[in-house]
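The values are calculated or read from the model by the stated rules, or taken from the named source; none is laboratory data. Here the structure is a predicted model, which means the values were calculated and not measured. Quick reminder, even Gly has a Cβ in these numbers, built from the backbone with ideal geometry, and neighbours come from all protein chains shown. Side chains are part of the model used for accessible areas, which takes the heavy atoms of the whole protein and leaves out ligands, DNA and RNA. Shrake-Rupley method; radii C 1.70, N 1.55, O 1.52, S 1.80 Å.
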2 protein chains.
Amino acid sequence: MYKINENYLKLPGSYLFSNIAKKVAAYKEANPQKDVISLGIGDVTQPLCPAVIDAMHKAVDEMADGTTFHGYAPDLGYEFLRSAIRDNDYKARGVDIALDEIFVSDGAKSDSGNIGDIFAENNRIAVCDPVYPVYVDTNAMSGRTGEYLPEQEKWSNVIYMPCTKATNFAPELPKETPDIIYLCFPNNPTGSTITKAQLQEWVDYANKVGAVIIYDAAYEAYISEDDVPHSIYECDGAKTCAIELRSFSKNAGFTGTRLGFTVIPKELESNGVKLNALWARRHGTKFNGAPYIIQRAGEAVYSEAGKAQTKEQVAYYMNNAKVIMEGLKSAGFHVSGGVNAPYVWLETPDGMTSWDFFDHLLANANIVGTPGSGFGPSGEGYFRLTAFGTYENTLKAIERIKAL
Amino acid sequence: MYKINENYLKLPGSYLFSNIAKKVAAYKEANPQKDVISLGIGDVTQPLCPAVIDAMHKAVDEMADGTTFHGYAPDLGYEFLRSAIRDNDYKARGVDIALDEIFVSDGAKSDSGNIGDIFAENNRIAVCDPVYPVYVDTNAMSGRTGEYLPEQEKWSNVIYMPCTKATNFAPELPKETPDIIYLCFPNNPTGSTITKAQLQEWVDYANKVGAVIIYDAAYEAYISEDDVPHSIYECDGAKTCAIELRSFSKNAGFTGTRLGFTVIPKELESNGVKLNALWARRHGTKFNGAPYIIQRAGEAVYSEAGKAQTKEQVAYYMNNAKVIMEGLKSAGFHVSGGVNAPYVWLETPDGMTSWDFFDHLLANANIVGTPGSGFGPSGEGYFRLTAFGTYENTLKAIERIKAL
């Protein structure tokens with residue numbers, strides 16, 4: 001008799017955003033007349049920019065003609081896209097990344113889950129707490145997290161690095177030594193970030209203890225302050241200890257278009273084995289490339305027009321973040337984030353739990369947010385609002401919260 | 001110090017088609033004046049049909065407008081696509097599949113690799129020999145295949161089911177009991193297939209011994225004979241033992257467009273655990289959906305125009321298959337396949353090895369095919385040609401082979 005992967009049975013409940021979607025659907029069904037506004041899941045609302053739309057129409061036409069049709073893509077992704085990535089995301093910031101260190105994918109969520117494939121089961125992971133649930137859940141699926149302890153809402157074999165008001169929402173170097181460290185800056189969910197000097201400490205630490213950093217830079221386009229690094233490779237020595245994940249979802253609105261990439265420098269080795277080669281093997285064996293049309297869309301993000309247009313989009317969302325921050329502050333809430341990231345992290349009022357506040361906000365203001373505790377135990381007492389709504393809805397939502 | 005997944009180090013060489021691509025690139029660089037024709041990798045050459053092109057242009061325009069923009073897709077895929085799949089691929093064949101038993105993905109290659117995630121490491125797999133390399137390689141990556149034995153070109157813990165001339169290129173029930181059985185009909189690489197009665201034997205066997213069948217039906221659109229099943233669920237009892245993988249790559253030319261789906265019936269249980277729920281959890285946690293534009297393209301394949309146009313494409317390729325079959329036969333080759341599948345399987349002449357014949361054909365006829373031994377030890381002495389070239393190139397290639 002075949003055996004299932006029993007690790008799946010250890011997972012508590014279902015994926016956070018699936019849970020929220022179910023709660024919201026139930027509320028809407030019971031209250032069809034209510035105008036529910038979601039500032040919950042980090043999904044964008046602005047349409048794709050004209051440069052991207054034009055590139056996709058052109059690529060669709062190419063697919064209609066036998067002489068310009070594209071079948072299977074190259075394993076690592078089309079060179080036109082990888083060149084644009086190398087030049088704009090790295091060279092322009094003084095970072096030297098080779099074309100075959102860039103792996104184009106269908107998004108950072110897939111990559112952040114799949115990257116675990118190239119590591120042994122007996123690695124101990126360290127995550128920020130709160131944290132994007134995918135890092136922990138996918139490691140749980142691989143048997144790397146030990147047992148789930150419901151009372152603590154923690155896994156027995158995960159090193160949690162609390163990011164709370166007391167730590168200025170940044171993790172401190174862990175007391176126990178991890179093998180794999182997940183870092184995400186600008187951070188989801190707290191919207192906080194760290195300086196280049198602070199990230200350098202993490203790189204130095206990882207190199208010292210022989211850990212690998214999975215660095216999720218999905219929100220780098222939202223950085224507004226000068227001393228915040230856009231890539232971990234801006235730090236000295238990062239190439240020997242870090243993998244970087246990037247996404248087109250938030251900088252260019254590709255949440256429903258699906259494109260991302262992972263960078264694995266060839267200097268990154270474990271006992272002489274290059275992680276770049278392992279990932280190349282996985283990428284070539286278990287994946288068949290992002291669609292040609294979508295890779296052309298990604299290339300267009302780096303065109304002059306595309307850069308200007310996506311910059312405007314980011315500014316639009318960051319204006320929403322400002323509206324949320326200022327509105328909540330004036331209503332007496334304690335808020336953080338929102339300056340280098342499209343997420344505002346607020347303390348729930350009157351000692352409410354995160355889920356109580358979720359229910360309260362949904363029922364009384366018809367606003368959907370994300371309970372901080374859904375991202376980890378140290379998220380309890382916090383709540384995430386995203387700046388990805390429309391400006392009109394964001395204004396309306398904040399007025400409703402102020403009126404509570 | 002972090003540890004890598006040592007199973008990757010056991011993998012011999014690189015992925016078959018990457019190897020071929022390297023050999024061909026080297027030949028072309030050394031012989032830039034040669035007109036190399038590929039009947040090797042199973043990549044299509046005909047453009048996407050007008051119904052699909054129209055649907056994609058329309059979907060691109062929707063993404064350009066805030067009121068019709070689409071962000072994150074539903075976990076299982078859009079209902080418009082899953083309904084079309086249910087109605088056309090299943091209901092129309094008398095098979096009752098529910099919408100939440102269909103999981104839309106970025107292709108059958110990804111699914112056939114990723115499906116292993118929901119099974120324990122200590123399952124023993126059985127595969128046809130020769131076989132699509134992804135099934136074996138991805139299980140090797142998960143530590144399920146034992147050690148690689150270079151002299152036998154086999155893994156120590158895999159049950160190989162030879163499919164040779166002696167078995168009419170169909171597998172026989174294995175002597176040792178497997179936990180997971182991979183079947184692909186119409187078959188890649190041999191182009192052979194089995195009847196519904198034969199497949200029923202496999203379903204009965206799997207139910208009897210408690211095995212699960214991973215049924216890859218990527219080539220079902222090429223079936224021309226009546227008693228060949230298009231879905232394993234046409235067999236009684238398949239819902240309690242089988243997962244079916246489907247692709248848009250070959251029936252609609254989506255190799256570079258990327259779309260597929262997996263069906264997991266809710267009746268499929270292991271000790272009371274539904275595999276459907278496990279895959280739903282994986283799908284929701286490690287994947288973020290196929291692009292909206294591509295899901296609309298998939299829907300268009302099932303429109304009346306789309307069905308007529310893709311049927312014409314399949315007929316075009318099957319005419320190529322006929323050209324290959326008849327040409328090779330008249331040149332004295334022994335061939336099989338090519339009737340219900342776009343692959344022709346030929347015996348290498350004069351006792352040549354598969355790779356010798358590959359080199360011979362590349363050097364002397366400038367034709368790229370795929371060495372049978374690349375698909376497994378029982379593929380030695382065979383060679384795969386695909387019908388996915390253009391008609392003109394296929395004719396030219398066969399003339400060249402005949403002239404050898």
For the structure I just gave you, tell me whether B:VAL44 is within 30 Å of B:GLY376 (Cα to Cα), over 24 Å from the mean Cα position of the chain (by Cα) and either in contact (Cβ under 8 Å) with a residue 60 or more places away in the chain or within 7 Å of another protein chain (Cβ to nearest Cβ) (or both).
no
Just give me the residues in the range A:259-277 being open to solvent by less than 10 Å² (accessible area, probe 1.4 Å), within 8 Å of chain B (Cβ to nearest Cβ) and of a type outside the set (Gly, Ala, Ser), in sequence order.
A:LEU275
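A quick yes/no check of all residues on (1) open to solvent by 50 Å² or more (accessible area, probe 1.4 Å); (2) of a type outside the set (A, V, I, L, M); (3) within 10 Å of chain B (Cβ to nearest Cβ):
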| position | (1), (2), (3) |
| --- | --- |
| A:GLY256 | no, yes, yes |
| A:ALA280 | no, no, yes |
| A:ALA290 | no, no, yes |
| A:TYR317 | no, yes, no |
| A:GLU326 | yes, yes, no |
Given the conditions (1) surrounded by fewer than 17 Cβ atoms within 10 Å (Cβ to Cβ); (2) in contact with a Phe, Trp or Tyr (Cβ under 7 Å, 6 or more places away or on another chain), every one holds for B:GLU176 apart from (2)
Boolean, B:PRO133 is within 11 Å of chain A (Cβ to nearest Cβ), surrounded by fewer than 21 Cβ atoms within 10 Å (Cβ to Cβ), under 19 Å from B:GLY298 (Cα atoms) and touching a residue at least 24 places away in the same chain (Cβ under 8 Å)
no
Residue in the range A:81-98 that is more than 20 Å from the chain's Cα centre (by Cα), within 14 Å of chain B (Cβ to nearest Cβ) and either closer than 25 Å to B:PRO74 by Cα or open to solvent by 40 Å² or more (accessible area, probe 1.4 Å) (or both) present:
no
Restricting attention to the range A:235-262, the residues that are more than 15 Å from the chain's Cα centre (by Cα) and either closer than 26 Å to B:ILE294 by Cβ or modelled with pLDDT under 95 (or both) number exactly 1
Test: residue in the range A:149-170 that is assigned to a helix (DSSP H, G or I) and of a type in the set (Phe, Trp, Tyr)
no
Counting only residues that are surrounded by fewer than 24 Cβ atoms within 10 Å (Cβ to Cβ) and of a type in the set (A, V, I, L, M, F, W, C), which one in the range A:222-234 is farthest from B:TYR292 (Cα to Cα)?
A:VAL228
Which ones in the range B:56-80 are at the interface with chain A (Cβ under 9 Å from one of its Cβ atoms), assigned to a helix (DSSP H, G or I) and either without any contact (Cβ under 8 Å) to a residue 12 or more places away in the chain or over 19 Å from B:SER105 (Cα atoms) (or both)?
B:HIS57, B:VAL60, B:ASP61, B:GLU62, B:MET63
Taking into account only those residues within the range A:328-359 that are open to solvent by less than 70 Å² (accessible area, probe 1.4 Å) and among the small types (Gly, Ala, Ser), which is nearest to the chain's Cα centre (by Cα)?
A:ALA341
Residues (part of a loop (DSSP other than H, G, I, E, B), out of contact with any Lys or Arg (no Cβ under 9 Å at 6 or more places or on another chain) and open to solvent by 80 Å² or more (accessible area, probe 1.4 Å)) located in the range B:22-55
B:PRO32, B:GLN33
Within the range A:1-36, residues being among the polar types (S, T, N, Q), within 14 Å of chain B (Cβ to nearest Cβ) and without any contact (Cβ under 8 Å) to a residue 12 or more places away in the chain number 2
Please enumerate the residues belonging to the range B:271-290 that are touching a residue at least 12 places away in the same chain (Cβ under 8 Å) and either more than 18 Å from B:ILE102 (Cβ to Cβ) or of a type outside the set (A, V, I, L, M, F, W, C) (or both).
B:ASN276, B:ARG282, B:HIS283, B:GLY284, B:LYS286, B:ASN288, B:GLY289
Please state which of the following conditions B:THR138 fails to meet, knowing it meets all the rest: (1) touching a residue at least 60 places away in the same chain (Cβ under 8 Å); (2) within 14 Å of another protein chain (Cβ to nearest Cβ); (3) crowded, with 22+ Cβ neighbours inside 10 Å.
(1)
